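One structure is given here, and the rest of the page talks about it.
Readers should treat all values here as calculations from the given coordinates under stated rules, not as data from a laboratory. Predicted model only: the values in this text are computed from it and were never measured. All Cβ positions, even for glycine, are placed from backbone atoms using ideal geometry, and neighbour counts span all protein chains on display.
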Amino acid sequence: MLRPILLLLLCGLSSQKVIATLSTPALQSSASQSECNIKVNNKNIDYGQVSRWQLEKADGASGLLTHGKRIVAADVVCTTAKPLQISVEGRRNEYGNFLYGRKGTLKLSLISLTVNGEAALPDEITSPFPQKENLSMPQKIMPGDVIVVGKKNPVTQMTLQFEVEPLLTGSELNVPQRTENQGGFILTLRTSTP
């Protein structure tokens with residue numbers, strides 16, 4: 001069963017002013033509405049208007065600037081316990097990361113997972129990139145990753161917390177006029193068999 005849960009979109013204007021917002025569209029589903037309900041706590045993140053000089057230097061990323069980190073949580077409640085898969089999709093930049101603007105990166109990390117009221121790690125994260133074997137938090141998420149939860153302990157309630165951080169180079173902000181930067185990702189929830 002397939003259920004797209006949300007599309008997160010970051011928008012921004014670079015150069016003199018930078019504005020970024022995060023929004024989610026209406027939920028669409030091909031699965032039964034009573035099977036699993038999904039709620040997103042943070043449907044909009046508004047960075048406001050800032051100049052290039054008000055952007056922060058990104059931690060551990062030489063020469064990159066950021067609007068700052070924000071947290072987005074998705075809560076899942078199912079009527080019956082079941083294993084789940086959450087696929088994460090989005091536009092890629094030339095390095096395989098989520099695209100932000102023309103060449104920037106939207107850094108996405110899974111920082112917390114709670115399953116049936118207890119802190120947990122994903123059973124696995126499958127990826128089109130080299131297999132992720134060291135499952136610890138935070139876990140960098142790339143386009144095409146699938147987060148698998150509930151193989152051993154089927155899920156009735158789950159909360160995923162993601163940290164979102166748009167990253168730009170200084171040269172991307174050196175433009176003669178305002179430009180719009182966008183980036184985002186889509187989470188799709190699927191039930192699976194153990």
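Just so you know, the Cα atoms of the range 83-162 work out to an Rg and Dmax of 13.2, 42 Å. Each residue, N134 and V77, gets one label point 7 Å from its Cα in the Cβ direction; the gap between the two is 3.8 nm. Can you list which of the GluC sites (Glu not before Pro) found in the range 67-122 are DSSP loop residues with at most 13 other C-beta atoms within 10 Å? Of the GluC sites (Glu not before Pro), the ones in loops of the range 67-122 whose Cβ has at most 13 other Cβ atoms within 10 Å are E94.
Under 5 Å between amide hydrogens, built in the peptide plane, is the criterion, and for R92 it picks out L99 among residues at least 5 positions away or on other chains. Subtracting the Cα-Cα distance of R91 and K69 from their residue separation scaled by 0.36 nm leaves 6.0 nm. All other residues whose Cβ lies under 13 angstrom from that of T156 are scored, Lys and Arg at +1 and Asp and Glu at -1, for a net of -2. Couplings 3J(HN,Hα) for the range 115-125, derived from phi with the Karplus relation 6.51 cos²θ - 1.76 cosθ + 1.60 (θ = phi - 60°), are 10, 6, x, 10, 4, 8, 10, x, 5, 6, 10 Hz, where x marks Gly and Pro. Around the amide H of E124, modelled in the peptide plane, lie the amide H atoms of V148, all under 5 Å away and 5 or more residues distant in sequence or on another chain.
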